[in-house]
Amino acid sequence: MFNRLKSAVIGAVNGLESANGAIEGTHYNKTTLAPKFPYGRPHFLSLGDDEVQMSADHKLRPIIHPSKPLPHDTGYAECVNAGKSRWNEDQAVYRQGILSKATPNEDGSVQKFAIPYTYYGIFDGHAGVGAALCAAFQLHHIIHEKLVDAQDDIWVSFSKKNLPCKPRDLLIIGALESAFKEMDQLLSEDRNKYQAAGGCTALVALFILGKLYVANAGDSRAIICKNDKYSPMSMDFTPENERDRIRRLAQEQPSLLGNEFTAKEYIGSPKSGDLGKTVMFRDAYMKGWAYKTLQPEDLRVSVITGRGKRSRVMGTIGVTRGFGDHDLTAVYQKLPIKPFLSSHPEVQVHLLSAADDKEVLVMGTDGLWDVVDGHKAADIVAKSINAFEDKKFVSAATCLVGYARGSLNNSWMLKEGKPASCDDISVFVIPLLPYQVEYEELLKKCFLNETSETSSDENIETAK
Amino acid sequence: MSYAYLFKYIIIGDTGVGKSCLLLQFTDKRFQPVHDLTIGVEFGARMITIDSKQIKLQIWDTAGQEAFRSITRSYYRGAAGALLVYDITRRETFNHLTTWLDDARQHSNSNMVIMLIGNKSDLESRREVKQEEGAAFAREHGLVFMETSAKTAANVEEAFINTAKEIYEKIQEGVFDINNEANGIKIGPQHSPTNPSLPGAGGSGGSQGSSCC
């Protein structure tokens, strides 16, 4: 999410030195603490130390994929950046879990349930590798705990008991939301115990009971592709997209801005020579423009600057949601930035009942989306699925990463001759149909003996 | 484990000629009759000894499928050795050698040692390419040649080790610039020219732990 320059600047003022120190074995003052988790690549790649070294070759940027198939032939591929950081700061994870319980009935029989779920996550780290590693090692445990808290109600909602309960979507969305918050708190608590971790974005997909829940905090992106069509399953949380939230927060808590930044927007860029003149402005809650006489405090820097990929909060960070960054400060002014960042995910729900064997969820870090749009991604995925007999989805993931990485001439170029992505790139390509099949099997198993075969799911109201 | 040199290899050739099986036989000393199709690239590594020096081979096993050609091409760069493999029971894999060779010469450094390998020598009854043909092709293009069997392990060690010997000789002759990592050769930590004293010699400075990786 950072351009190279920016990450160098932030690295200089924030834990990047210490993070590199952990890897290179060099100790900087203040960083005698150990990292919480050793650096490595995602568990399902099973890379040895040698292979981790080989995977971090900035000149070759090898595209790594799992040597053993993931569940349902899910595809994954990744490659390292072109040199902006020593190591690949993305992380990825998948887990399969079961929510299960056995309750003795009054007549002595035992009532059991077992609800399987599958979880995928990708985390794009910045200013160090620590936060993304923590998320990859810990977030699924927290989500599991939250789901266990809700599992009795989830089961009731599923098993046609006509008992009053909250809509299942809201239970699962709530579990994800509260887990994201707890993950961020955990990183905060770890600050005094472990080496500075930096921050990371988080994009999580949860398949449970015939639905897909995508929780996103950051600028990684998920889309559903079907043939050459696609539909977004997340929005990017960048300073530009979160302009309203951040400016309103700044306006309500002006102390967060020090004497350096302003929540107001002005037409033109007022300069000290314009003092006393009339300028057009709007505050954080205004839609339209109004007039005022230019005062010295109007010359402060806007809390959000830049456009698109280059938009920044306090001139420093280009992503507004995720985990960590608890000690991040503005580049020059040293004001804390964390109050403007949020760990709260947006959760989108997708019913799997219409899934077919061409339908996939593509999850990628911004290294992919910087140079590939939804159309292009859907196109590459559709071609791979049609071209390969075997290993369709890992081939699709490899082709997506291969396209976005491009090839090295003087610099990394796409095959169309435009600049390729120099960032770390990580991509999951997850077929949807197997999770619908799994759900139908669960329905059969649970309701085989009951007269009505209609899915209890039909009357579950969707969130929103 | 420390090494005097690290050589980077790449294995190329048509799909199904046995590239991954050769690597598996060399690194794990086992044969897997049904090997999954390789996608993109897979890695292997093994330590060998030449001239009583420890040499680490870092091997990049590439996908033979046309669909991955543009990706695998990017891995030629920075390889010191290449194993160009065909299947002696499938004539077309031999016919494609010139294409592979052109690709390799175009995308690699000019000193790269190329070993031509006719694999599946255990399947004599199904042979379509005579050994002499392989040898003639190798002579014509300045390659080293061997027939191997990833199944019986015949000549597999030799193929990898002889390639390393060629590279080692080129280093001795000064053909390879060993300080340029783009040549696919790395000097082990204790042999670094900036620290020529023998390991454990307790030289001045004492900054022994400055490994490059």
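Observations
- Once the Cα gyration tensor of region A:242-318 is diagonalised, semi-axes √(5λ) in Å: 20, 13, 13
- Using the Cβ-Cβ distance between A:Tyr291 and A:Tyr332 with R0 set to 22 Å, the FRET efficiency works out to roughly 0.10.
- Where the Cα pairs of chain B fall when distances are cut into 10 Å bins, in %: 8, 35, 34, 15, 6, 2, 0
- Accessible area (Å², per residue) of region A:242-318, counting only protein heavy atoms and a probe of 1.4 Å: 55 Å²
- Candidate lysines for bridging to A:Lys68, where Cα separation is under 17 Å - those fewer than 8 sequence places away on the same chain excluded: A:Lys391, A:Lys392
- Computed label-point distance, nm, for sites A:Met413 and A:Arg282 using a 7 Å Cα→Cβ extension: 4.3 nm
- With 30 Å² as the minimum drop in accessible area between chain alone and full protein complex (1.4 Å probe), the qualifying residues in region A:47-74 are A:Asp50, A:Glu51, A:Gln53, A:Met54, A:Leu60, A:Pro62, A:Ile63, A:His65.
- Between helix B:97-107 and chain B: long-axis angle, C-alpha atoms, 0 to 90°, nearest 10: 30 degrees
- Since only A:Leu256, A:Ala217, A:Pro434 are under comparison, the one whose Cα sits farthest along the positive direction of the charge dipole of chain A, derived from C-beta charges on Lys, Arg, Asp and Glu, is A:Leu256.
- Counting only lysines at least 8 places from B:Lys170 when in the same chain, those with an alpha carbon closer than 27 Å to its own are A:Lys59, B:Lys8, B:Lys19, B:Lys53, B:Lys56, B:Lys186.
- Label point distance in nm, A:Lys229-A:Asp356, each placed 7 Å from Cα along Cα→Cβ: 1.0 nm
- Put simply, region A:308-435 fits an ellipsoid with semi-axes of 33, 22, 10 Å; these come from the alpha carbon gyration tensor as the roots of five times its eigenvalues, largest first.
- Relative contact order [Cα under 8 Å, 6+ residues apart], chain A, whole percent: 20 percent
- Charge-dipole axis of chain A as Lys and Arg at +1 and Asp and Glu at -1 on Cβ define it, positive-most pick from A:Ile208, A:His58, A:Ser343: A:His58
- Debye log10 I(q)/I(0) at q = 0.14, 0.22 Å⁻¹ for region A:49-95, Cα point scatterers: -0.38, -0.81
- Using a cutoff of 8 angstrom between alpha carbon atoms and counting only pairs six or more residues apart, the relative contact order for chain B works out to 25 percent.
- For the chain pair A and B, the buried solvent-accessible surface (1.4 Å probe, both sides summed) amounts to about 2000 Å².
- Surface composition of the protein assembly as shown: carbon plus sulfur atoms contribute 50% of the solvent-accessible area (1.4 Å probe, protein chains only, all chains present).
- Per-pair calculated FRET efficiency, R0 = 25 Å: A:Leu448 and A:Asn105 via Cβ, rounded to 0.05: 0.85
- Cβ-derived FRET efficiency at R0 25 Å, A:Val52 paired with A:Phe137, nearest 0.05: 0.95
- Taking the C-alpha atoms only, the angle from helix B:156-172 to the longest principal axis of chain B is near 50 degrees.
- Model label points for B:Lys29 and B:Ser52, set 7 angstrom from Cα along the Cα-to-Cβ axis, are 2.4 nm apart.
- Quotient of Cα Rg and 2.2 N^0.38 Å for the protein assembly as shown, N being how many residues it contains: 1.09
- Heavy-atom surface of chain B, accessible at 1.4 Å and reported per residue (Å²): 45 Å²
- Listed residues B:Asn109, B:Asn162, B:Asn179, most fluctuating in chain B (Gaussian network, C-alpha, under 10 Å): B:Asn179
- Convex hull volume per residue, computed on the Cα atoms of region A:275-328, equals 120 Å³.
The values are calculated or read from the model by the stated rules, or taken from the named source; none is laboratory data. Only a predicted model underlies this, so the values are computations on that prediction, with no experimental measurement involved. Quick reminder, even Gly has a Cβ in these numbers, built from the backbone with ideal geometry, and neighbours come from all protein chains shown. To get the accessible areas, we keep the full protein, side chains included, count just its heavy atoms, and leave off ligands, DNA and RNA. Shrake-Rupley method; radii C 1.70, N 1.55, O 1.52, S 1.80 Å.
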